[in-house]
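Here's the structure we're looking at; comments come further down.
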Amino acid sequence: MTIWSGPGRHLCVAATLLLQAYPASAGETATPPAAAPAAAPAPAPALQGGASFVELFSTLNDRRWYVSDGWVNGDWQGCTWSKHRARIATPGELSLSLTDITYKERPFSCAEIQTRERYGYGTYEVRMRAGTGSGMVSAFFTYNAPENGDRSTNDEIDFEWLGKDTSKVQLNYFVGGVGEHVSLDALGFDAATTTADYAFEWLPDRLRWYVNGRLLREVRGTPDRPIPSHPSKIMLSVWSGQGPDFASWLGPTEYSGQPVTALVERVAFTRMGDPCGFKGSIACR
């Protein structure tokens, strides 16, 4: 689950606070009834969107990335986005942090970056280490806010690391602002102490999530259980929640006195049908 505001964003909270995990087999296409042969459906068109890229963060390229600053996504967010919390201290490593520096009436300031372009079907990959701490979230996801108030475009695909237990990762997706597609999956390592590769494939008929090249979950779309279908921005963030509803999900906010930091070494997008952009990419298979 990720909840967004800022320019053109919408709050997607209620569905996710009532979490229900779905197994990878959910969404399997049912066997059609016997009938006269029908014409084969036309192949699903590729979503129009941005071109393939590999970002290694030698700098924070403002032609590709927008750094959020000066707002919050809602009353449930315990920090204010600050451009000072997203930085490259060492070339090749993006730091996204949350600190106890009060900013615009929130007790913490935190970090979010998002692509300026939207992207469609293909492979999305990140190499990163998550932050840790009760009440904190590190996230890598795609998101398309409602267009002209139309919630039917409000799609999202998530990797989220809950700082209260970084031995697991939460996977989710939203279609038209509706979630309830959550799973919480064991990683076999601590995401806050191990730099690892995470990826998802967004295809016309299914979603697949991977950790270090291992398939973790697959969901197939069906007419009554669709998957996202609108080009979306790529987002990375570290943030904290507040209030009893979010404490029941994230745990109470506990700040250790040191910044909560996620470190990102690489983000890549490979458009469906394009060659892979780096050795070891899921798209190279």
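Here are the numbers:
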read-out	value
Relative packing of 67-74, 263-270, 104-111, which averages over residues the other C-beta atoms within 10 Å, highest first	263-270, 104-111, 67-74
Normalised contact order of the range 130-285, rounded percent, pairs of Cα under 8 Å and 6 or more residues apart	26 percent
Stretch gain in nm, segment Ser167-Asp224, where the contour uses 0.36 nm per residue and the Cα spacing is subtracted	17.2 nm
Heavy-atom accessible area ranking, 1.4 Å probe, most first, across Arg64, Arg116	Arg116, Arg64
Summed residue charge, Cβ within 11 Å of Leu187's Cβ, Lys/Arg positive, Asp/Glu negative	-1
Charge context of Gln170, other residues only, Cβ under 14 angstrom, K/R +1, D/E -1	-3
Distance between the range 110-148 and the range 156-207 - C-alpha centres, whole angstrom	11 Å
Accessible area, probe 1.4 Å, largest first, for residues Met235, Met272	Met272, Met235
Nonlocal amide H pairs with Asn154, under 5 Å, H built at 1.01 Å	Gly176, Gly177
Virtual paramagnetic centre 7 Å along Cα→Cβ of Thr195, amide N under 12 Å, in the range 77-108	90-95
Residue-normalised accessible area of the range 139-259, expressed per residue, 1.4 Å probe, Å²	36 Å²
Environment charge at Leu94 (Cβ cut-off 14 Å; Lys +1, Arg +1, Asp -1, Glu -1)	+2
In Hz, Karplus ³J(HN,Hα) per residue of the range 211-226 (6.51, -1.76, 1.60; θ = phi - 60°; x = Gly, Pro)	10, 6, x, 8, 5, 9, 7, 9, 10, 9, x, 9, x, 9, 9, x
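The values are calculated or read from the model by the stated rules, or taken from the named source; none is laboratory data. As the structure is a prediction and not an experimental result, all values here were calculated from the model. Here the Cβ is made from the backbone with ideal geometry for all residues, glycine too, and neighbour counts use every protein chain on show. To get the accessible areas, we keep the full protein, side chains included, count just its heavy atoms, and leave off ligands, DNA and RNA. Shrake-Rupley method; radii C 1.70, N 1.55, O 1.52, S 1.80 Å.
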